[in-house]
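Q: If you scroll down you'll find the structure; I have some questions about it.
The values are calculated or read from the model by the stated rules, or taken from the named source; none is laboratory data. It should be emphasised that the depicted structure is a prediction, and the values quoted were computed from it without experimental measurement. Glycine gets a Cβ as well: all are built from the backbone with ideal geometry, and neighbour counts include every protein chain shown. For the accessible areas, the whole protein counts, side chains as well, though only heavy atoms, and no ligand, DNA or RNA atoms are used. Shrake-Rupley method; radii C 1.70, N 1.55, O 1.52, S 1.80 Å.
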Amino acid sequence: MRAKENEREKTVRLYELFGEYMDEYAMEWERMERCEKLYRGEHWDEIPMEDSREPRPVTPIVFSTIENIKADLMDAMPAAVVTADEPKHAELAGRLTRIVAENHAASHYETEYARMLHDLLVCGMMVQETGFDMERNAGAGGAFIRHVDCRGIMFDPYCEDIQDSRAIFRFTPYRREWFAQRYPDKAPLMEADNYRLNRRREGFCEGGGDVILLIECWEREYDEATGAYCVHMFKLAGRVLLEDSRQVKPQGYYAHGRYPFVATALYRRKGTHLGFGLADMFANQQQMSDKLDQIVLKNALLASHNKLLVTGASGFDPDDLRDWAKEVHRGDSLTGVSWFSTSPLPAYIIDYIAAMRESIKEESGSNDFSRGNTAGGVTAAAAIAALQEMSGKRSRMISRSVHAAFEEAVNLELETEAEFSFIGEAAGGLPLGLKVSVRAHKANRFSVLSHNELVLNLVKLGMIAPDAGLELLLFDGKEQALELTRGAKRGSAV
């Protein structure tokens, strides 16, 4: 049905759907912008002040909380291990594990992962894209997983599962010159965009004309005859259709027939794929804490400039009294001269501010124990690791959600790798019985210290041999130490 659309009809239909999505996402973009400002400590800009001279203090509670939770999640960065149910596929599973690791190293997945975590914790949703880059590995190509800015992509606002979306739009602003270089025949036909998405990027201006959105539209269709889905991709800009994947791959852009995106919400909103972030959850506490700081700071500023009240009947000249270099002042009556001092704030206000900040740390799971701060002489790595384990429930819950999304993305990555490259018997499709498992790429340093303490204690008790203990220890340079130990043994044997 849609395959028979002419180019003009297709362009009009997709732009109408894009406009519908934009109307639904308008409030969502405003929310994300507020979250970013709160994270950066710029939320005072949203509050009008009659007196611009009033202080606008910011204590970065939300920023610090998010960064500490992000640090925990970075320690638990996922890595994929492919396993096989049948022994005959064991070698293939090992090869796929190495290929995935190489793909992620080539695409600097650690950087992509950090950007995803920022979107998840601040804006409430992270998006991963899977695909295949033909130019990678000296032209041999390779699959990838990469971050997609959650403020530059739109899913169907009426669907909980993004795979049910009527279409998915990903958009990026470019200067008109960019299109002229890449699409010289179609660039002159492009109309100026009049979209005003938000103020986060320079160029999203009404009637600007110099910046045009490159829109990448993905559509997923169901074929009743085959009972399968196929996905197609179109590129549009300035009301012009630039590319249509049907022309090169009418059977579908990817053989797996799914949208190549994985969206993960932090605190999902019922009935939608969207979510809330930590900045949403603690916005009121951050703003109230800063407001109380403003009151305290304003009181301190007033108290530092005590006022001198002088009546006309006192006979003193106010300008004369203002001159502190003089030793003698002439007047008629001291009863007309008095100091007016600002009363100090009640002590409970200071205590309330501290309690509010502690509440944010406790409720978010980013308390002192999770940060590695302990009291009462707790110094053993095992004890610190245990305290962190007990206090990091919130981080572990988020980590499980992130790992589940990573597993889904890796499955799509493997399907794409099998379609576009030759992987032994996996060419043209993966055999059944392969399973993707997710493990933490690297452990928390206190967990490593706790593990090493346990191994050393077992060696001291004689329960394991020193050589076996060295194999079990975790530290940088372990392989070199093992090789030196083996060399020493060979030398003594000779």
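Q: If R0 is 45 Å, what FRET efficiency do you get for Lys478 and Glu135 from their C-beta distance, rounded to 0.05?
A: It comes out at approximately 0.80.
Q: With a 1.4 Å probe and every protein chain left in place, tell me how much accessible area Asp317 has, in Å² to the nearest 10.
A: So the heavy atoms of Asp317 present about 80 Å² to solvent.
Q: Leaving out ligands, DNA and RNA but keeping every protein chain, what accessible area does Thr485 have, in Å² rounded to the nearest 10, with a 1.4 Å probe?
A: That residue has around 50 Å² of solvent-accessible surface.
Q: How far, in nm, would the chain grow between Ala228 and Arg175 when pulled straight, counting 0.36 nm per residue and subtracting the alpha carbon separation?
A: 15.2 nm
Q: Using a Cα-Cα cut-off of under 28 Å, which lysines could be cross-linked to Lys307, ignoring same-chain neighbours fewer than 8 residues away?
A: By straight Cα distance, Lys307 reaches Lys291, Lys298, Lys326.
Q: While we're here: Given the convex hull over the Cα atoms of the stretch 243-289, what projected area results after averaging over all orientations, in nm²?
A: 5.8
Q: Just the projected area, averaged over all directions, of the convex hull on the alpha carbon atoms of the stretch 211-343: how many nm²?
A: 19.5
Q: Next question, about the same structure. So which aspartates and glutamates pass the test for Lys88, namely a Cα distance under 16 Å, with those fewer than 8 places away in the same chain ruled out?
A: Lys88 reaches Glu425.
Q: Compare Met27, Met116 by solvent-accessible area with a 1.4 Å probe and give them largest first, with all protein chains kept in place.
A: The ranking, largest first, comes out as Met27, Met116.
Q: State which entries of Lys70/Lys435; Lys70/Lys249; Lys10/Lys435; Lys393/Lys435; Lys435/Lys460; Lys235/Lys435 exceed 32 angstrom in Cα-Cα distance in the structure shown.
A: Lys70/Lys249; Lys10/Lys435; Lys435/Lys460; Lys235/Lys435
Q: Where the only charges are on Cβ atoms (+1 Lys, Arg; -1 Asp, Glu), what is the dipole of the stretch 97-193 about its Cα centre, to the nearest 20 debye?
A: The dipole of the stretch 97-193 has a size of about 280 debye.
Q: Moving on. Ranking request for peptides 117-125, 258-266: highest mean number of other beta-carbon atoms within 10 Å first, then the rest in descending order.
A: With the highest mean Cβ count within 10 Å placed first, the list reads 117-125, 258-266.
Q: Ok, one more. Would you work out the relative contact order for the stretch 1-154, in percent, from Cα pairs under 8 angstrom that are 6 or more residues apart?
A: 20
Q: Something else now. Taking a cut-off of 13 Å between Cα atoms, list the aspartates and glutamates near Lys478, but don't count ones fewer than 8 places away on the same chain.
A: Filter leaves Asp467.
Q: Just by accessible area at a 1.4 angstrom probe, what is the order of His451, His256 from largest to smallest?
A: His451, His256
Q: Looking at the square roots a ≥ b ≥ c of the eigenvalues of the Cα gyration tensor of the stretch 44-196, which shape do they give, rounded for a/c under 1.5, prolate if a/b is larger than b/c, or oblate?
A: Cα axes put the stretch 44-196 in the oblate bin.
Q: Ala354 to Glu67: FRET efficiency via 1/(1 + (r/R0)^6), r the Cβ-Cβ distance, R0 25 Å, to the nearest 0.05?
A: 0.80
Q: How far apart, in nm, are two points set 7 Å out from the Cα along the Cα-to-Cβ line at Asp293 and at Lys186?
A: 4.9
Q: Restricting to DSSP loop positions (anything but H, G, I, E, B) with no more than 16 other Cβ atoms inside 10 Å of their own Cβ, which trypsin sites (Lys or Arg not before Pro) remain in the stretch 22-73?
A: Here the trypsin sites (Lys or Arg not before Pro) that fit, given the DSSP loop and packing criteria, are Arg53.
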